[in-house]
Structures are given as C-alpha cells and as structure tokens.
Amino acid sequence: MNNILIINGHQFYPYSQGRLNKTLFDEMVSNLSEKYNIKTTVVQDGYDIKEEQEKFKWADTIIFQTPIYWFSLPTLFKKYFDEVYEYGVIFQGAEKYGHGGLLKGKKYMISTTWNAPESEYNNPEGFFKGLDLEGTLEHIHATQRFVGMEPLESFSIHDVITNPDIEKHIAKLRGHLNQVFALELKV
C-alpha cells in the first residue's frame, strides 16, 4: 500500500465554500506523504479523464474526501465517477453482476463531512432509522465494490455548520488515519 490517491470531491456553493474539506484533504496529504507516495486530484479544479484513470491504476489505496450534499455526492464528484469509471478501463462485463471490476486488490476510504448530527446515526428513532455511517454511505460503497475495490473504515465529521471545531476535527482525522493505516500495515 505504498501509492495513495487522495481526491477532494468538494463543489463550491455559497453556503459551502470548501474550507473544511480542503483542510482535511491537506491534512491527509501532509500526514500520509511522510510514509507513502501521494497523488492528488481536486475535482472542482478540473481533470483529464485519462490521467485520472492512470492515477487509479497506479494507486494501491484511494481516499475520497467529500461533503455530503442531500445525502449523496456533490454533482461534480458524481460526474467525475461517471467520466473516469469507464467500461473496459475500470470495469468490464462479467458472468456474475458486479464482478467485472478491474480495480481488484485496491482499497479505498471514504471521508465525509455532514451537517447531520452524529446522534442521528445508529439510532432507531433518528433520521437514518438506525443506519450507521457505513449504511448511509452504501450507495457510494456499491460503486466502489462494483469496480472491484475493498473498503477501509470510513471517516466522518458531523454537525459541521452548526458546531464547527476545526482542531477537534483534525485530531479526529489524525487518529483515524493512524488507526486505519497502522491496521493495514499488519495485514
């Protein structure tokens, strides 16, 4: 797991300018570049589809840093997947549905920012009806599973507009990266 691609999927909106996602993205690059080869993409800055496909082939692990807008990915980030995950390059047909991924052996981590409070997860009375974080991200996990990748534990920060606490968020991210990547080294 020497090569890591880190993608910032934030899309600018007047109420979501991307400072927190950029801070988390920059922290990942800084933290992980001491031990790993890093390549990056900032979707909002534009990208070359073929170059991105080569980055996916190069990477052992891909980290997706994204806000959650309306319970899913920002429009530009969804478009990124639609364009980069090309048939014959990232996946192909298979005898059994969902088994034609060409990124087998690669891992991925989803890192998200939400304005939803953390109390809404794992709560049968909560908005997500008892789902945990991974359950709320299943549609994103399904995309990655379809192309053959295996998940690492997801990371999330909640209540980001109502209760921002950058230092706390950075400390939480550092702990998560150290845990996830230390666990990976033992495999």
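Bear in mind these aren't lab numbers, they're just calculated from the coordinates by the rules spelled out. These numbers were taken from a predicted model, which means no experiment stands behind them. Here the Cβ positions follow ideal geometry from the backbone for every residue, glycine too, while neighbour counts run over all protein chains shown.
See the values below:
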item: Members of Lys35/Lys55; Lys57/Lys79; Lys39/Lys129; Lys35/Lys168; Lys104/Lys168; Lys50/Lys104 lying beyond 30 Å, as alpha-carbon distances in this model show; result: Lys39/Lys129; Lys104/Lys168
item: Length released on extending from Tyr87 to Glu138, taking residue separation times 0.36 nm less the Cα-Cα span; result: 16.2 nm
item: Å³ per residue enclosed by the Cα convex hull of segment 44-141; result: 117 Å³
item: Tensor-based shape of the chain (alpha-carbon gyration tensor, a/c under 1.5 rounded, otherwise prolate or oblate); result: rounded
item: The chain: relative contact order in percent, alpha carbon pairs under 8 Å with at least 6 residues between; result: 21 percent
item: Farthest toward positive dipole pole in the chain [+1 Lys/Arg, -1 Asp/Glu at C-beta], among Ala59, Pro164, Tyr80; result: Ala59
item: Dipole axis of the chain (+1 Lys, Arg; -1 Asp, Glu on Cβ), positive-most option in Leu173, Asn123, Leu20; result: Leu173
item: Per-residue [θ]222 nm for the chain (sum of -39500 (n - 2.57) over DSSP H runs n ≥ 4, rounded to 500); result: -11000 deg cm²/dmol
item: Mean-position separation - Cα centroids, segment 89-159 and segment 44-67, in angstrom; result: 17 Å
item: Amide hydrogen neighbours beyond the local backbone of Lys39, cut-off 5 Å, H modeled; result: Ile4, Leu5, Ile6
item: DSSP beta bridge pairing in the chain, given as percent antiparallel to the nearest 5; result: 10 percent
item: Rounded to the nearest 20 debye, dipole of the chain from Cβ charges on Lys, Arg, Asp, Glu; result: 320 debye
item: Anchor Lys107: aspartates and glutamates whose Cα lies under 12 Å away (excluding residues fewer than 8 positions away in-chain); result: Asp60, Glu150, Glu153, Glu184
item: For the chain, built as a Gaussian network whose Cα springs stay under 10 Å, the top-fluctuating residue of His169, His141, His99; result: His99
